[in-house]
1. Leaving out ligands, DNA and RNA, and with a 1.4 Å probe, what % of the accessible surface on the range 44-114 is carbon or sulfur?
2. Could you work out the local net charge near Glu100, counting Lys and Arg as +1, Asp and Glu as -1, over the other residues with Cβ closer than 9 Å to its Cβ?
3. Would you mind telling me which residue in Ala23, Ala91, Ala83 has the biggest mean-square fluctuation in a Gaussian network model of the chain, where springs connect alpha carbons within a distance under 10 angstrom?
4. Using the basic label-point model (7 angstrom from Cα toward the beta carbon), what is the Leu27 to Ile107 distance in nanometres?
5. GNM on the chain, C-alpha springs below 10 Å: top fluctuator among Arg82, Arg54, Arg20?
6. Counting helices only, and only those DSSP H runs with n ≥ 4, report the 222 nm mean residue ellipticity of the chain as the sum of -39,500 (n - 2.57) divided by its residues, in deg cm²/dmol to the nearest 500.
7. Assuming R0 = 22 Å, can you tell me the calculated FRET efficiency for the pair His66 and Leu46, based on Cβ-Cβ distance, to the nearest 0.05?
8. Per residue of the range 86-96, in order, report the coupling 6.51 cos²θ - 1.76 cosθ + 1.60 (Karplus, θ = phi - 60°) as ³J(HN,Hα) in whole Hz, putting x for Gly and Pro.
Amino acid sequence: MIACAALSKRPRGSQRLVLRASAKVNLALEVLGKRGDGYHEIATVLQAVDLFDRLTVETADTLSLHADDPELPIDEGNLVMRAARLLLKTAGIDRGARIELQKRIPIAAGLGGG
């Protein structure tokens, strides 16, 4: 779940949005089958926990991702970048965004930190 923390006017007409992407724990998970797009249909019961990544998004001419962990990919190998591209395309937006990721959810720990 992503919660909005702040939206503010910035110099030169840019805007900044700060988001919290909460971790979660699967209490139950059942894989129902594979979809045509390669993803799986699932049924799950999950619980949010008090751990989150922070995303700061600011308007920019191009799309870029910056992470506080140098081990993280900042290209299409990162789900944040893929989601941002899809959002821009779907919304018909021809500008970009500067995205800063402060990573706090451990990767591959089953907490939804991908």
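1. Taking all protein chains in place, the range 44-114 shows 57 percent carbon and sulfur surface.
2. Once positives and negatives cancel, what remains is 0.
3. Highest fluctuation among the options: Ala91.
4. About 3.0 nm, to one decimal.
5. Looking only at Arg82, Arg54, Arg20, the biggest GNM fluctuation is shown by Arg82.
6. Mean residue ellipticity, 222 nm, calculated: -3500 deg cm²/dmol.
7. Working: r = 29 Å, r/R0 = 1.31.
Efficiency computed from Cβ-Cβ geometry: 0.15.
8. 5, 4, 4, 5, 5, 7, x, 8, 9, 9, x
The values are calculated or read from the model by the stated rules, or taken from the named source; none is laboratory data. The structure displayed is predicted, hence computed values, not measured ones. Cβ: placed from backbone, ideal geometry, glycine included. Neighbour counts: every protein chain shown. The protein model used for the area step is the full one, side chains on, heavy atoms only, and it has no ligands, DNA or RNA in it. Shrake-Rupley method; radii C 1.70, N 1.55, O 1.52, S 1.80 Å.
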